[in-house]
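The values are calculated or read from the model by the stated rules, or taken from the named source; none is laboratory data. None of these values were measured; they are calculated from a predicted model. Ideal geometry is used to build each Cβ from the backbone, glycine not excepted, and the neighbour counts take in all protein chains shown. The protein model used for the area step is the full one, side chains on, heavy atoms only, and it has no ligands, DNA or RNA in it. Shrake-Rupley method; radii C 1.70, N 1.55, O 1.52, S 1.80 Å.
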Amino acid sequence: MPVRMKDIAEDIGVSIITVSKALRNHPDISAETRARVLKRIKELNYQPNFAARALATGRTFSAGLIVPDLVHPFFAELAKGLSQVLNEAGYGLLISSSQEQTALEEQQIDQMLARGVDALLLASVQATPAAVAEISKRKVVCVLIDRCFPGWTGNFVGMDDRRVGLMATEHLISAGCRAIAHIRGGEVSTALGRLEGYRDALCAHGLQPEPEYVVSAGTADEQGDVSGYRAMQRLLRLERRPDGVFCFNDPAAMGAMQAILDAGLRIPEDVALIGCGNVLYSGFLRVPLSSIDQQSAEMGRRIGRLTLGQLGKGRRRKPGKVLIEPRLVVRDSTRRRSAAAS
């Protein structure tokens with residue numbers, strides 16, 4: 001016969017509520033009591049009955065995360081930080097990928113809602129919030145992450161992407177670059193914001209944004225290095241070759257870096273290069289890559305804390321907006337001797 005929560009409580013002389021709180025890492029019980037409960041749970045190999053728990057509480061104690069691409073290190077690090085916070089609070093995390101396809105994202109949303117998740121966390125590929133509106137109708141906590149919609153007033157955790165574009169472009173200008181190109185992303189808020197920041201930075205420094213210096217690398221992050229390589233090849237064929245390039249993410253910058261080196265050019269002497277994301281391997285590339293750090297793991301933790309706050313007891317709180325501060329990480333790909341000497 002399976003061990004019940006009631007059996008654990010009677011065995012060590014505590015209430016069922018105390019056992020439940022120990023399982024959820026609730027702060028209302030002491031560390032000593034929690035340790036006693038967890039020790040006995042392990043000894044008796046107690047397995048929670050999540051179906052019964054959901055019937056009793058009206059919750060599944062699970063959250064769903066849908067991102068465009070599970071291969072991209074940014075989303076992998078984000079999921080890691082998020083999972084850590086949710087697990088400590090007794091919540092499970094279901095993860096899925098839309099593969100940058102709107103129809104697949106809508107299907108994944110329906111499947112997550114059918115599983116009864118208490119919260120849905122979404123880096124959406126939709127052009128409008130129509131599909132996301134269905135989540136709110138089901139009274140499920142919804143948090144947009146990384147990407148946002150114009151005029152969105154709901155929960156959001158991400159970054160000021162215009163500021164990202166400004167920081168990256170101004171860094172190239174400070175490195176002595178004057179013909180600065182941008183390998184941009186697709187029609188999503190992150191890419192659009194970074195493009196805006198790139199243009200604003202050039203104008204602020206009296207530099208003319210040249211249309212041919214903006215090249216799209218598409219949206220397929222699992223092939224970001226390939227599209228970045230092709231985009232950089234196009235830039236290198238221009239009559240006036242750029243001397244600095246801001247790539248909307250690090251995978252695209254990796255591809256651009258390879259194209260520059262294959263062309264027999266030097267980084268950063270001939271072309272300085274900066275990406276965005278500061279993925280784990282950025283410092284280990286053939287030329288260590290300068291990047292704008294999105295603090296992906298911290299972003300995941302902040303998403304987790306906001307979600308738990310919205311799932312708290314009592315009246316639903318006002319939607320929260322959390323902007324993570326971008327940080328410039330300078331490495332060899334933008335360290336030009338001429339700029340350092342001036």
Do we find a residue being of a type in the set (A, V, I, L, M, F, W, C), within 23 Å of Arg305 (Cβ to Cβ), surrounded by 14 or more Cβ atoms within 10 Å (Cβ to Cβ) and modelled with pLDDT of 85 or more anywhere in region 51-62?
yes
Within the set of pairs 6 or more residues apart or between chains, which connect a residue that is more than 11 Å from Thr169 (Cβ to Cβ) inside region 189-212 to a residue that is open to solvent by 70 Å² or more (accessible area, probe 1.4 Å) with Cβ atoms less than 6 Å apart?
Gly193/Arg162
Any residue at all in region 150-160 that's open to solvent by less than 20 Å² (accessible area, probe 1.4 Å) and free of Cβ contacts under 8 Å to residues at least 60 places away in the same chain?
no
List every residue pair whose Cβ atoms lie under 9 Å apart, where the two residues are 6 or more positions apart in sequence or sit on different chains, the first residue falls within region 16-44 and is more than 16 Å from Lys6 (Cβ to Cβ) and in contact (Cβ under 8 Å) with a residue 24 or more places away in the chain, and the second residue, located anywhere, is among the acidic types (Asp, Glu) and open to solvent by 60 Å² or more (accessible area, probe 1.4 Å).
Asn25/Glu88
Pairs under 8 Å by beta carbon, first residue surrounded by 22 or more Cβ atoms within 10 Å (Cβ to Cβ) in region 123-135, partner part of a helix (DSSP H, G or I) and aliphatic (A, V, I, L, M), six or more apart or different chains?
Ser124/Ala131; Ser124/Val132; Ile135/Ile109; Ile135/Leu113
Tell me which residues, restricted to region 216-228, are surrounded by fewer than 22 Cβ atoms within 10 Å (Cβ to Cβ) and either touching an Asp or Glu at 6+ places or on another chain (Cβ under 8 Å) or modelled with pLDDT of 95 or more (or both).
Thr219, Ala220, Glu222
On the basis of being more than 24 Å from Leu144 (Cβ to Cβ) and open to solvent by 30 Å² or more (accessible area, probe 1.4 Å), does Arg184 make the cut?
no
For region 94-102, check the following and say yes or no: at least one residue is open to solvent by 20 Å² or more (accessible area, probe 1.4 Å), of a type in the set (A, V, I, L, M) and in contact (Cβ under 8 Å) with a residue 12 or more places away in the chain.
yes
